[in-house]
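The values are calculated or read from the model by the stated rules, or taken from the named source; none is laboratory data. Being a predicted model, the structure only gives us computed values, none of them experimental. Here the Cβ is made from the backbone with ideal geometry for all residues, glycine too, and neighbour counts use every protein chain on show.
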């Protein structure tokens, strides 16, 4: 794809110390086909390429002592400045705001999204002045931000028109309407005495739609009470919002 052509499509840049952890998930399967078809552009960069010296050192011991190594602000800054342009920069961090489907929808409207992967014991806190937002996958710690970055780019990219083969898929799945997705079935019709619900074989579209809505509501209520409360417009104390 020529540079001029790529400038017209949504672009993702991932900055990481371990590009091999990111390229596989983001450049295969559906996203890989979308890149090949010119629907999106995904670039994975090795932060060490902006480190100085023979050994391209991108981390150092923390001031004040402590275990582990900390990513250097000057190296990260050079990497960001090289790719930023007008893009929105996200930093993966356990201290960040939990990433949600609403964030994916919001970011899918951006023309350029950059994800900076934290690693080692942490990243120099001054890097926070260079990013637009910090995001987390949840209340747990990973060895690095590569898995989180891959998940974020996947969640955002699949919402861009043309990336998914079926344009209705993104709207019907879990969280699309504030509910978990209804259960899906395919052949065989009977498996180990478990049968496909009769309504799905009826060919009656209105009945099927009603059943799916009921199933989505029941699943959300029983499996994710927090989502159900939000869907019903009540807070955790049971009061209307």
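Scanning region 190-206 for residues that are surrounded by 11 or more Cβ atoms within 10 Å (Cβ to Cβ) and in a loop (DSSP other than H, G, I, E, B) gives 196, 197, 202, 204. Of everything in region 16-48 that is without any contact (Cβ under 8 Å) to a residue 24 or more places away in the chain and touching a strand residue (DSSP E or B) at 6+ places or on another chain (Cβ under 6 Å), the residue that is surrounded by the most Cβ atoms within 10 Å (Cβ to Cβ) is 35. Pick from region 85-104 the residues that are touching a strand residue (DSSP E or B) at 6+ places or on another chain (Cβ under 7 Å) and surrounded by fewer than 16 Cβ atoms within 10 Å (Cβ to Cβ): which of them is nearest to residue 117 (Cα to Cα)? Among those residues, the one meeting the criterion is 95.
Restricting to region 53-99, name every residue that is part of a loop (DSSP other than H, G, I, E, B), free of Cβ contacts under 8 Å to residues at least 12 places away in the same chain and either out of contact with any helix residue (DSSP H, G or I) (no Cβ under 7 Å at 6 or more places or on another chain) or not assigned by TED's automatic domain parsing to the domain that holds residue 22 (or both).
Result: 53, 54, 55, 61, 63, 64, 65.
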